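First comes the structure, then the notes that go with it.
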């Protein structure tokens, strides 16, 4: 088992600190819309897959996106996306390396503001330990084929149908829908 002073996490991976610009998921959606990044039906906590694929496709390898809960415990600030530009392996001590904004970060910030359609007050510089496995696959973005659920052949169940099902006494909704289909009130 790893100790606090160990440079390795409990899974045997070196501990890493990351620095980058944090934005809320609402701002992430604005950013994605501005750059025409398809969210591929992904839930907000998995949007980094679409963003990192977009980065790879455009050879923008100096930024790694990752979804995180906001690190300020008890904060009313919502969870969001961290656009990481700095990475520092942990030393054998427990002191956090000082990751501060430099020239590269200023360029990334300007790109997020201009190309990404964000406002300065939407960006927050964060430096934190990677406890979320953001760098599990390295510090460069990777292509991902991950998509959200395919709803192309989903069927809409009306509230009227749900009410009828609830009063039917049939416990299994799928079974009840099969009965409805057999009686011509539902299309499977």
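Each reported figure results from applying straightforward, stated rules to the coordinates on display, with no laboratory input. Fair warning: this is a prediction, and the values are worked out from it, not measured in the lab. Backbone-built Cβ (ideal geometry, glycine too); neighbour counts: all protein chains shown.
Each peptide in 112-118, 135-141 gets a packing score, the mean of other Cβ atoms within 10 Å over its residues, and the list from highest to lowest is 112-118, 135-141.
Taking the square roots of 5 times each eigenvalue of the Cα gyration tensor of the range 16-129, largest first, gives ellipsoid semi-axes of 23, 16, 14 Å.
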